[in-house]
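Student: Shown below is the structure under consideration.
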Amino acid sequence: MLPFVPSLPALREVEGLQGELESLLRKSCKHFLYLRIGQEQGAQTMSYPTHTIGLIVASGAASGILYWLFAKAALRRLALSGKRVWQIGITIFLVAAYLLALSFSLTQRYTVNSANSAGLIPLLIGIMIGSNILLWIGTRGYRQMVDAIPLHWLISSHVLRVIPGIAFLALHDMGLLPPDTALQAGYGDFLSGILALAVAYLVYRRGAPAHGVAFAWSIFAVLDLVNALHLGQTTIPAWSLKLSSTGQSIDFINLFVMLPTYMVPLFLVSHLWIFRKLGSRKVGATKTREVSASPDAARGIIQVNEESPHGSMTRHVSP
């Protein structure tokens with residue numbers, strides 16, 4: 001008896017079934033792999049960026065404390081009446097502004113309770129900057145306090161902008177911020193903060209190009225803040241709606257807004273101080289002594305106002 005030999009059509013049919021089976025298995029494995037990766041990525045993007053948002057909130061508090069210390073040190077150097085009133089007023093203002101911005105964030109005014117909240121960010125920025133401008137124009141004591149803060153202190157304080165710069169980039173990597181906003185604001189803040197240290201050291205050493213370098217850096221840093229505010233207002237709301245439509249939680253936005261409602265106004269005010277000091281005298285100039293006439297002069301005591309690139313100071317000396 002001859003052994004069974006399959007016909008050629010039967011062999012072709014078996015090979016076709018085998019190929020279809022292999023293709024089906026490959027598709028099933030690929031689908032399972034994509035599903036697994038998608039679940040892992042979904043679990044990662046759905047998590048709250050606790051540490052990143054915590055850095056933003058903490059850096060806001062640190063910036064407020066730093067400028068409070070600057071004001072306290074400046075008032076201590078001045079022979080100014082009512083210094084304690086000024087110190088208490090500055091403390092109340094900085095704490096109240098921080099708590100107001102924080103309260104809007106904690107009550108979710110920018111996400112859940114977002115009705116009529118479109119103008120909250122410009123309102124808080126206007127309160128912070130406008131009140132300082134009014135004090136600057138209307139009170140001599142405020143201008144004296146600003147003049148008494150060393151210029152290199154004000155410039156070096158912008159190193160804190162490295163923290164929100166890193167936060168922008170981290171939130172971008174998580175897919176929680178639009179690329180254009182996160183990259184421009186992130187690298188802009190990071191670069192402004194790093195350069196601030198070099199510029200502050202140049203001003204402190206009273207180098208010849210210090211005035212021009214400090215002026216150029218301050219313009220760049222201001223433009224970075226204004227650009228970040230513009231991009232944030234025009235891109236983040238639409239991006240948040242897009243994230244929300246995919247099931248992504250956008251609760252982090254509430255505390256993220258602490259950046260434009262507290263830190264950015266503080267840094268913009270500090271730039272006003274920096275421009276005032278840069279415009280009033282050349283950085284690196286020699287000290288000037290201004291002797292003011294007062295009743296103390298009749299008793300042999302002269303009030304001397306000393307100004308230098310590192311700040312101004314009022315003291316009394318005997319002739």
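The values are calculated or read from the model by the stated rules, or taken from the named source; none is laboratory data. All values derive from a computational prediction rather than experimental measurement. Positions of Cβ are generated from backbone atoms using ideal geometry, with glycine treated the same way; all protein chains shown enter the neighbour counts.
Student: Quick one: is TYR48 touching a helix residue (DSSP H, G or I) at 6+ places or on another chain (Cβ under 7 Å), at pLDDT below 95, within 30 Å of LEU171 (Cβ to Cβ) and surrounded by fewer than 16 Cβ atoms within 10 Å (Cβ to Cβ)?
Tutor: yes
Let's see how each residue does on (1) crowded, with 21+ Cβ neighbours inside 10 Å; (2) at pLDDT 95 or above; (3) not assigned by TED's automatic domain parsing to the domain that holds GLY165:
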{"residue": "MET263", "(1), (2), (3)": "yes, yes, no"}
{"residue": "HIS271", "(1), (2), (3)": "no, yes, no"}
{"residue": "SER294", "(1), (2), (3)": "no, no, yes"}
{"residue": "ALA297", "(1), (2), (3)": "no, no, yes"}
{"residue": "GLU306", "(1), (2), (3)": "no, no, yes"}
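Student: Here is a further query. Just to be sure before I move on: is LEU197 within 18 Å of the chain's Cα centre (by Cα), surrounded by 14 or more Cβ atoms within 10 Å (Cβ to Cβ) and free of Cβ contacts under 8 Å to residues at least 24 places away in the same chain in the structure I sent?
Tutor: So LEU197 fails the test.
Student: Turning to a different aspect of this structure: Go through (1) in contact with a helix residue (DSSP H, G or I) (Cβ under 7 Å, 6 or more places away or on another chain); (2) crowded, with 18+ Cβ neighbours inside 10 Å one by one and return the number of the condition GLN248 breaks.
Tutor: (2)
Student: Here are LEU160, LEU154, LEU171: which of them is over 20 Å from LEU266 (Cα atoms) and touching a residue at least 24 places away in the same chain (Cβ under 8 Å)?
Tutor: LEU171
Student: Here's another thing I want to ask about it. Residue under question is LEU202, and the condition is that it be of a type outside the set (Ser, Thr, Tyr) and either in contact with a His (Cβ under 8 Å, 6 or more places away or on another chain) or free of Cβ contacts under 8 Å to residues at least 24 places away in the same chain (or both); does it hold?
Tutor: yes
Student: Of the residues LEU160, LEU151, LEU134, only one is over 25 Å from LEU231 (Cα atoms) and in contact with a helix residue (DSSP H, G or I) (Cβ under 8 Å, 6 or more places away or on another chain); which?
Tutor: Residue meeting the stated conditions: LEU151.
Student: Could you tell me whether SER81 is under 26 Å from the mean Cα position of the chain (by Cα), exposed (fewer than 14 other Cβ atoms within 10 Å of the Cβ), more than 18 Å from ASN132 (Cα to Cα) and among the small types (Gly, Ala, Ser)?
Tutor: no
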